[in-house]
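Since every read-out is calculated from the coordinates, none of them should be taken as a lab result. Bear in mind the structure is a predicted one, so any value in this text is a computation, not a measurement. Using ideal geometry, Cβ is built from the backbone for each residue, glycine included, and neighbour counts are taken over all protein chains shown.
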Amino acid sequence: MADDKLYRMGMVGLGVMGRNMVLNMADRGFSVCGYDKNPSQGQALLSEGQDKPVAFAENVEKFVGQLEKPRSIVLLVAPAKVVDIVIQDLLPHVEKGDLIIDAGNSYFKDTDRRGEICAAKGVSFFGMGVSGGEAGARHGPSMMPGGPKESY
């Protein structure tokens, strides 16, 4: 990965679902930078996506810095309480106009609360239920986003 290349999408969480969704997006022409606290997940992404426009960042600051503005960042982390931790890690690095999407099927009241936290910084937040499991993530998941209309 070239350090000066910017990626169209970001994915936090490179387990089975996140990694497969990254590969799916890359197959459809989107460049994607992934981040996971477990470096072996990033190495798996780079191995599986070696012929695709994908990258792995070792820390949050580098991850956010490698994304085109306005940034679109998808979270596929579990359990749900980790979503709050990831948002707190991201907020110091994202800017007004960026978008964070929780694809982890969170409880709607948590989604509303997280949306308010992000909105205070001018960052949009979507809750996006994802259905289809591993095969769906890789070849065509059902995604049900919800959030501020102006952010679509």
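Remarks
- Here the contact order of the chain, divided by its residue count and restricted to Cα pairs under 8 Å and six or more residues apart, works out to 22 percent.
- Helical runs assigned H by DSSP (4 residues or longer) give the chain a calculated mean residue ellipticity at 222 nm of -11000 deg cm²/dmol, each run adding -39500 (n - 2.57) before division by the residue total.
- Here the label points at D51 and Q88, each 7 Å from Cα along the C-beta direction, are separated by 4.3 nm in the simple model.
- Footprinting exposure proxy for D51, D112 (fewest neighbouring C-beta atoms within 10 Å first): D51, D112
- Between E95 and F30, the FRET efficiency from the beta-carbon distance, with R0 = 22 Å, is close to 0.60.
- The label-point distance for R8 and I117, in a model that sets each label 7 Å from Cα toward Cβ, rounds to 3.0 nm.
- Considering only beta bridges that DSSP places wholly inside the chain, some 20 percent are antiparallel.
- The stretch 22-103, relative contact order in percent, only Cα pairs under 8 angstrom and at least six apart counted: 27
- Candidate lysines - alpha carbon under 26 Å from K62, same-chain residues fewer than 8 apart omitted: K5, K37, K52, K81, K96, K121
- Neighbour-count ranking [beta-carbon atoms within 10 angstrom, fewest first] of D102, D36, D110: D110, D36, D102
- From the coordinates shown, mean projected area of the Cα convex hull in nm² corresponds to which of (1) 14.5; (2) 8.0; (3) 9.4: (2)
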